[in-house]
2 protein chains.
Amino acid sequence: MPKLWNATIDAHRNAVREAVLDATAKLVAAHGLASVTMSQIAESSGIGRATLYKYYPDVESILQAWHERQVGAHLHQLRAVREQAGDTGRALVSVLEAYAHICHARHGGDVAAMLHQGPHMAHAHQHLRTLVADLIAEGVRTGDVRNDVPPVELAGFCLNALQAASNLTSKVALGRLVAVTLTGLRPPA
Amino acid sequence: MPKLWNATIDAHRNAVREAVLDATAKLVAAHGLASVTMSQIAESSGIGRATLYKYYPDVESILQAWHERQVGAHLHQLRAVREQAGDTGRALVSVLEAYAHICHARHGGDVAAMLHQGPHMAHAHQHLRTLVADLIAEGVRTGDVRNDVPPVELAGFCLNALQAASNLTSKVALGRLVAVTLTGLRPPA
């Protein structure tokens, strides 16, 4: 087959996949992760059930693909926040604030726990830890962050601490959580 | 049936349950959570497979019961640490150190994620948050802990931050994590 034909087919397949994931995202937002069905997804994405099954064998695999896209988008967002922040001190605060907001908005429950066990999460966590550890290492160099704990351990501390955001109900409380976490990074008096 | 007879039956049933959970704990320690089977559990607890099925329908329900016992034991341990520590400042440090060790020793993976979704975990987390929040509130009264963040939020911060212990490989690193977390609780300079 000519290359152009292959490219067109690829583009079509990607468009179908994107439509399926977009429809799933909307259904999840409306009804929660656990109650989404293949029929609903097919109907919402405007494709037949038979076609849907050619792309994904079950709801679980769609949720997995959707979650991978979500996690990828969050990483992309955090990298953009880091780039836009200018100096590294400000970047660290901005990235931690953005991560707290992501944790706050996250879905809970059984399905979320299942999705978070996927191998893509290990990679995403690794990237995130490296992103934060690099900013922390820069803070150690400028004297803004304590130098008595390895930056990668401080990154693990931050990212775990900020997961407390999922239990918070206000933006003010989110701000307090970020402030408390940043206090932990300060050089000992 | 006479009461004594009922009591004897109850004691026997409890003994069987304890034996099953003990055997499961040993198998989990040896082979990991995911690879334990009903046959192995029956053999290790010294009861028949048919008897085992009268007590528990499947491995999942045994793991759930085992995990509930584990979580209960950890809560009991943390309460004992709190009682033995004397003053509340020391108690807060001791409880957080003990919790970091519990998180460090924890099993990971799919099955652990599944077990942690059980309703017993929500209760256990609530008890734990209250235990730590009470110690923090006492620290606020004595001036050792910051008073610009509600104690229950600081407790959530601590308990999430200390879950970073599951990625640490040394006791020295565990000590650093507890120290960093405690820094977050200090009154702002």
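The values are calculated or read from the model by the stated rules, or taken from the named source; none is laboratory data. Because the structure is a prediction, the values reported are computed rather than measured. Ideal geometry is used to build each Cβ from the backbone, glycine not excepted, and the neighbour counts take in all protein chains shown. To get the accessible areas, we keep the full protein, side chains included, count just its heavy atoms, and leave off ligands, DNA and RNA. Shrake-Rupley method; radii C 1.70, N 1.55, O 1.52, S 1.80 Å.
Using the structure shown, decide if B:S45 is buried (at least 19 other Cβ atoms within 10 Å of the Cβ) and polar (S, T, N, Q).
Numbers: buried (at least 19 other Cβ atoms within 10 Å of the Cβ): yes; polar (S, T, N, Q): yes.
Yes.
Go through the range A:142-159 residue by residue and tally those that are touching a helix residue (DSSP H, G or I) at 6+ places or on another chain (Cβ under 9 Å) and open to solvent by 20 Å² or more (accessible area, probe 1.4 Å). Walk me through how you get there before you give the answer.
Quick first cut of the range A:142-159, residues touching a helix residue (DSSP H, G or I) at 6+ places or on another chain (Cβ under 9 Å) only: A:142, A:144-159.
From what is left, the residues that are open to solvent by 20 Å² or more (accessible area, probe 1.4 Å) are A:142, A:144, A:147-148, A:150-153.
Qualifying residue count for the region: 8.
Check off (1) more than 22 Å from A:V149 (Cβ to Cβ); (2) modelled with pLDDT under 95 for B:V152 and give me the number that stays unchecked.
(2)
Could you identify the single residue in B:R106, B:R90, B:R82 that is charged (D, E, K, R) and within 11 Å of the chain's Cα centre (by Cα)?
Values: B:R90 fails: within 11 Å of the chain's Cα centre (by Cα); B:R82 fails: within 11 Å of the chain's Cα centre (by Cα).
Exactly one of B:R106, B:R90, B:R82 is charged (D, E, K, R) and within 11 Å of the chain's Cα centre (by Cα), namely B:R106.
Just a yes or no: is a residue in the range B:160-171 over 16 Å from the mean Cα position of the chain (by Cα), surrounded by fewer than 16 Cβ atoms within 10 Å (Cβ to Cβ) and β-branched (V, I, T)?
Yes, the range B:160-171 contains at least one residue that is over 16 Å from the mean Cα position of the chain (by Cα), surrounded by fewer than 16 Cβ atoms within 10 Å (Cβ to Cβ) and β-branched (V, I, T).
Hey, can you tell me all the residues within the range B:70-95 that are modelled with pLDDT of 90 or more and charged (D, E, K, R)?
If the condition is that a residue be modelled with pLDDT of 90 or more and charged (D, E, K, R), then B:R79, B:R82, B:E83, B:R90 are the ones that fit.
Filter the range A:48-58 down to the residues that are assigned to a helix (DSSP H, G or I), open to solvent by 30 Å² or more (accessible area, probe 1.4 Å) and in contact with a helix residue (DSSP H, G or I) (Cβ under 7 Å, 6 or more places away or on another chain) and list them by number.
Within the range A:48-58, the first condition is being assigned to a helix (DSSP H, G or I), and the residues that meet it are A:49-55.
Next, only the ones that are open to solvent by 30 Å² or more (accessible area, probe 1.4 Å) stay: A:49-51, A:53-55.
Scanning the range A:48-58 gives A:R49, A:Y55.
Taking the range A:103-124 as the region of interest, how many residues are open to solvent by less than 70 Å² (accessible area, probe 1.4 Å), in contact with a Ser or Thr (Cβ under 7 Å, 6 or more places away or on another chain) and either modelled with pLDDT of 70 or more or β-branched (V, I, T) (or both)?
Residues that pass the stated criteria total 2.
What's the number of the condition B:A189 fails, among (1) under 19 Å from A:A165 (Cα atoms); (2) surrounded by fewer than 16 Cβ atoms within 10 Å (Cβ to Cβ); (3) free of Cβ contacts under 8 Å to residues at least 24 places away in the same chain; (4) more than 21 Å from the chain's Cα centre (by Cα)?
(1)
I want to confirm something. Restricting to the range A:163-187 and keeping residues that are among the polar types (S, T, N, Q) and part of a helix (DSSP H, G or I), which single residue is farthest from the other protein chains (Cβ to nearest Cβ)? Please lay out each step first, then the result.
Keep residues of the range A:163-187 that are among the polar types (S, T, N, Q), which gives A:163, A:166-167, A:169-170, A:181, A:183.
From what is left, the residues that are part of a helix (DSSP H, G or I) are A:163, A:166-167, A:181, A:183.
Numbers: A:Q163: 5, A:S166: 9, A:N167: 5, A:T181: 6, A:T183: 5 Å.
My answer is A:S166.
Conditions tested, residue by residue: (1) touching a Lys or Arg at 6+ places or on another chain (Cβ under 8 Å); (2) within 30 Å of A:H120 (Cβ to Cβ).
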site: B:E83; (1), (2): no, no
site: B:L135; (1), (2): yes, no
site: B:A164; (1), (2): no, yes
site: B:T169; (1), (2): no, yes
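Test each condition in (1) closer than 30 Å to A:G143 by Cα; (2) surrounded by 14 or more Cβ atoms within 10 Å (Cβ to Cβ) for A:G86 and report the one that comes out false.
(2) is the only condition that A:G86 fails.
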